[in-house]
Amino acid sequence: MTAVRLAAVDVGASSGRVMLARVGPETLELAEAHRFRNDPVRVAGTLHWDVLALYRGVLEGLRAAGPVAGLGIDTWAVDYGLLDATGALLGNPVHYRDGRTEGVGDRVAEQLGPARLYATTGLQHLPFNTLYQLVAAAGTPQLEAAHRLLLIPDLIAYWLTGVIGAEITNASTTQLYDLRRRAWATDLMADAGIRGGLFPPLREPGTRIGPVLPALDLPGTPEVVAVGSHDTASAVVGVPAVGEHFAYISCGTWSLVGVELDAPVLTEASRRANFTNESGVDGTFRYLRNVMGLWPLQESVRTWGTADLPALLREAADEPAFRSVVDPDDPTFLPPGDLPARIAEACRRTGEPVPAHPAATVRCILDSLALAHRRAVQQAQQLTGRHVDAVHVVGGGARNDLLCQLTADACGLPVLAGPVEATALGNALVQARALGAVGGGLAELRSVLRATQQIVRYAPRPGAVAWRAAARRLGWED
């Protein structure tokens, strides 16, 4: 086997990039070819993704990367574009942070039954799941005119190849996918008033979709490969773990905290704990909980304007621990806007001291996020019976020394931080295997990661009693 050049297209909630990878049995190199912004646009009161600008950024990145053998696309989950019968896009996709789904999830759960929803789809109740977005859009001219629905990475793949399909790791986030049958949940769709014909054929990670269209005039003749198109699915492939006794935290705008399993957990206890079961690469299941992640920190820095984040993190490290804690998953933190003011109001509402300055707000956010990581890791072990020996933090949060150390302290477990680029690396590894440049299963792919990527270890410090006391203030422990 010889190393191949590949392009990993990774589009997140605030930016996208095309990463150039060189992958072989003993080679895993990554370099950024192009980065572009992902700026949502509010029009007539609705928050949209500017998906055409994202597609332009992808094309610019692929041209900057030069000739590659293959390319794979991963993005965030749940959002979609609608195509008419000619394959034309009917409008910019609506952003999952838009307010159109407010209250819809509760109405749908009452109609269909939360136990049935969970037994079929295994998904955590989140207000922006695709199911709720489609119910909210019922009767709109766009949805009435739609012939096909494509999730964002599948939409970009369609524009590149002309081939329509739905990759299962992202399909499994819609709350419209039957986890055990590995098929669209058509009965559920019918009872929710959603046309099953909107949804394209499903495809597995590693499927070779087809070559890019000649009219795009891209360098070489790259083949588009279906990777774990939900970015967390690719990130979990990029976790350099040994064996099965690990938890992962894919930490960016969101923290996806969980374990990797061979079968879903669909118990009533799991549903009540609001854990999700999502399809992973090679028939695995990502059993996890969505935690708000670094979004409150990102929005706070944006609100402050000229804030120096590295300096704020250094100052936050010197702030008193646990002076103020909040529930990061409080729905008031979900929309964009003035997060410091909302954090202050949440503290007033719960009787916590109000952070007096930005560094205190940052410490509140990170203490609270570490507590949420602790809760999710503990619950994942209890609900699955899977013992965890270490926590792997991958993604942008792996750069945040303070958060990684606080997470190790909170969980009472070593944290292994890195790689930061786990998503792009997982994307590239699945491509490389599909194209014959590497072989084996996830264990073999992860051995390549361990041999080539830098990992930083954070040992837990004493303080379990203080963490338990802080969790009790949030009502998370007896």
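The values are calculated or read from the model by the stated rules, or taken from the named source; none is laboratory data. A quick note: this is a predicted structure, and the numbers were derived from the prediction, not measured. Cβ sites come from the backbone with ideal geometry, for glycine too, and all protein chains shown count toward neighbours. The accessibility values were calculated without ligands, DNA or RNA, using every heavy atom of the protein model including side chains. Shrake-Rupley method; radii C 1.70, N 1.55, O 1.52, S 1.80 Å.
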So which residues in segment 236-264 are in a loop (DSSP other than H, G, I, E, B), of a type outside the set (Gly, Ala, Ser) and under 22 Å from Met292 (Cα atoms), if there are any at all? Val239, Thr253, Trp254
Could you say which residue among Pro419, Pro460, Pro414 is of a type outside the set (A, V, I, L, M, F, W, C) and buried (at least 24 other Cβ atoms within 10 Å of the Cβ)? Pro419
Would you confirm, using the coordinates I've provided, whether Gly105 is open to solvent by less than 10 Å² (accessible area, probe 1.4 Å), of a type in the set (Gly, Ala, Ser) and touching a residue at least 24 places away in the same chain (Cβ under 8 Å)? yes
Pick from segment 425-444, criterion of a type in the set (A, V, I, L, M, F, W, C) and more than 17 Å from Ala8 (Cβ to Cβ), ranking: least open to solvent (accessible area, probe 1.4 Å): Leu442
What pairs can you find where one residue is in segment 53-67 and more than 14 Å from Leu6 (Cβ to Cβ), the other is assigned to a helix (DSSP H, G or I) and open to solvent by 10 Å² or more (accessible area, probe 1.4 Å), and their Cβ atoms are less than 8 Å apart, with a gap of 6+ or different chains? Tyr55/Trp159; Leu59/Leu216
Is one or more of the residues making up segment 220-242 among the acidic types (Asp, Glu) and farther than 25 Å from Arg56 by Cβ? no
Quick check on segment 124-148: of everything there that is farther than 19 Å from His48 by Cβ and at pLDDT below 95, which residue is most open to solvent (accessible area, probe 1.4 Å)? His125
Find all pairs meeting these conditions: Cβ atoms under 6 angstrom apart; at least six residues apart or on different chains; first residue within segment 366-384 and of a type in the set (D, E, K, R); second residue not in a helix (DSSP H, G or I). Asp367/Phe322; Asp367/Val325; Arg375/Trp476
Looking only at segment 276-320, and only at residues there that are under 26 Å from Asp262 (Cα atoms) and either assigned to a helix (DSSP H, G or I) or among the basic types (Lys, Arg) (or both), the one that is most open to solvent (accessible area, probe 1.4 Å): Asp282
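Conditions tested, residue by residue: (1) within 21 Å of Gly397 (Cβ to Cβ); (2) open to solvent by 10 Å² or more (accessible area, probe 1.4 Å); (3) β-branched (Val, Ile, Thr).
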{"position": "Thr207", "(1), (2), (3)": "no, yes, yes"}
{"position": "Pro222", "(1), (2), (3)": "no, no, no"}
{"position": "His230", "(1), (2), (3)": "yes, yes, no"}
{"position": "Ser234", "(1), (2), (3)": "yes, no, no"}
Where residues in segment 391-429 are in a loop (DSSP other than H, G, I, E, B) and touching a Leu at 6+ places or on another chain (Cβ under 8 Å), which of them is nearest to Phe322 (Cα to Cα)? Asn400
Do we have any residue at all in segment 195-203 that's among the aliphatic types (A, V, I, L, M), part of a strand (DSSP E or B) and open to solvent by less than 20 Å² (accessible area, probe 1.4 Å)? no
Taking the criterion of being among the hydrophobic types (A, V, I, L, M, F, W, C), part of a loop (DSSP other than H, G, I, E, B), open to solvent by 40 Å² or more (accessible area, probe 1.4 Å) and touching a residue at least 40 places away in the same chain (Cβ under 8 Å), would at least one residue in segment 80-102 satisfy it? yes
